[in-house]
Amino acid sequence: MTIQVQAIYKAGAILLPQPLGIAEGTAIDVTIVPTTPPAATGLPGDAGQSMAAILDRLAALEERSIDDPETWQREVRSDRSLPGRD
C-alpha cells in the first residue's frame, strides 16, 4: 500500500494534515522531498487575488486603446460562418 501526502516538518516532527488510515505503531518508510513554498518562488499564494488586483489596476487606467469593444471585436474576428446560422 502506498500513501502520498504533503506534510509540514516543524520542531523535529512531521505534521500530517489528516490521519493516514493505518494502525498506530505500524512501521513505515518515509521519503522526504522538500517543496518550495510559493513565497520563495515569487509567485503569489493566491493567483486569483493577484489577477483581481492586476485587473483593478488596468481598469483604473485613463487611456484606452479600444474605444468601442463591440466594434473592435467585429473587426478582428475571422471565424467561419456556421452552417444554418447567419
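None of the figures in this text is laboratory data; all of them are computed from the coordinates on show. Just so it is clear, the model here is predicted, and its values are computed rather than measured.
Once the piece of chain linking Arg77 and Thr2 is laid out straight, how much longer is it, given 0.36 nm per residue of separation minus the C-alpha distance between them?
Extending this stretch completely gives an extra 21.9 nm.
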Legend entry - Contour excess over end-to-end distance, with Cα ends at Arg85 and Ala59 and 0.36 nm allotted per residue: 5.9 nm
